[in-house]
Every structure is written in structure tokens, then in C-alpha cells.
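In what follows, a single structure is set out as C-alpha cells and then discussed.
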Amino acid sequence: MWKPRIVQRGESATSLSGAALFEILWTELVDLIGSAGTAVLMRRALRRALLQSAELQELTIGRVDEDFRYVLPPSFNLTMGPSPALHHLADELRPLLAELTGEVALRHLGRVPELQAWMAAAPLAS
């Protein structure tokens, strides 16, 4: 059984599992735009990214009681650093964030050490 590990601030993305990176991304977006906004944007990015990565079919985002939660594919726990599936998700998420918030959200995510290289690698073109 997979056990989450404590993430030390500033750890590089390559030393973290895909699950830990997704958790950091989710948490940062919830802090910035709330859980409902995060869920909506992630679902939209997920729908688009599914065309490039079948692995993302196992990522689910839904409402539980009063909050939104997600269930990650088991493979996210097996990879260190962002997997190709997470790169595809970031590729689709960046233009949505730019459209919604201008550069505010992207700059915010760019200041999170664990997300810097991963989010910067995603193109802005949709």
C-alpha cells in the first residue's frame, strides 16, 4: 500500500512522485481560486488532456460532501517527477489559467519551487 510522504518545501519536482506534485498543484490552486474553481479548471484540462494520455482516464475529480476531491491513477505514485500524463495535463491547464486569471495564477505557480520547471515547460498555446 502506498503511503504519502512529507514533502519538504523546495524539494525539486524530480525527487517527488507524480502524486505529490499533483497534490501541491491542487493545493496551490485551491488557495488561489477555491476548490470549486480548481475542480472546474482541472476537469476541463483533464478532458482535453485525455486525447493525449489514456492514463488520465483514471484521474477523477468529484464533490464529496461540501468539498471537491480527486482520486489519482495508481501510476502517479510510481513515477518520480511529472509523468508524461501530468505534462499533458499541465499543457492543457496553463492556457485555461491564463485565460481566467491573466498571468496571476501562472506567476503564483511559478513561485512554488516544486512546480517551477514542470509548469514552465508547458506551452501556452491551446
Quiz item: How do the pairs read when you match residues in region 3-31 that are at pLDDT below 95 with residues anywhere that are aromatic (Phe, Trp, Tyr), using Cβ under 6 Å and keeping only pairs 6 or more apart or on different chains?
Solution: Ala13/Trp118; Gly18/Phe76; Ala19/Phe76
Quiz item: Considering only region 55-71, how many residues are part of a loop (DSSP other than H, G, I, E, B) and open to solvent by 40 Å² or more (accessible area, probe 1.4 Å)?
Solution: 2
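Restricting to region 101-126, and then to whatever is of a type in the set (A, V, I, L, M) and surrounded by 14 or more Cβ atoms within 10 Å (Cβ to Cβ), can you tell me which residue is modelled with the lowest pLDDT? Reasoning before the result, please.
From region 101-126, those of a type in the set (A, V, I, L, M) are 104-106, 109, 112, 115, 117, 119-122, 124-125; that's our starting set.
Next, from what is left, pick out any that are surrounded by 14 or more Cβ atoms within 10 Å (Cβ to Cβ): 105-106, 109, 112, 115, 117, 119, 122.
Numbers: Ala105: 92, Leu106: 91, Leu109: 92, Val112: 92, Leu115: 88, Ala117: 75, Met119: 68, Ala122: 48.
Per the stated criteria, the residue is Ala122.
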Quiz prompt | Failed condition for Gln52, given (1) part of a helix (DSSP H, G or I); (2) open to solvent by 80 Å² or more (accessible area, probe 1.4 Å) | solution = (1)
Quiz item: Of the residues in region 37-46, how many are in contact (Cβ under 8 Å) with a residue 12 or more places away in the chain and open to solvent by 50 Å² or more (accessible area, probe 1.4 Å)?
Solution: 2
Self-check item: Residue count, region 72-82 (criterion: free of Cβ contacts under 8 Å to residues at least 60 places away in the same chain and in a helix (DSSP H, G or I))
Solution: 2
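The values are calculated or read from the model by the stated rules, or taken from the named source; none is laboratory data. Given the structure is predicted, the values throughout are model-derived calculations rather than measurements. Note that each Cβ is placed from the backbone with ideal geometry, even for glycine, and that neighbours are counted across all protein chains shown. Heads up: the accessible areas ignore ligands, DNA and RNA and are worked out on the full protein's heavy atoms, side chains in. Shrake-Rupley method; radii C 1.70, N 1.55, O 1.52, S 1.80 Å.
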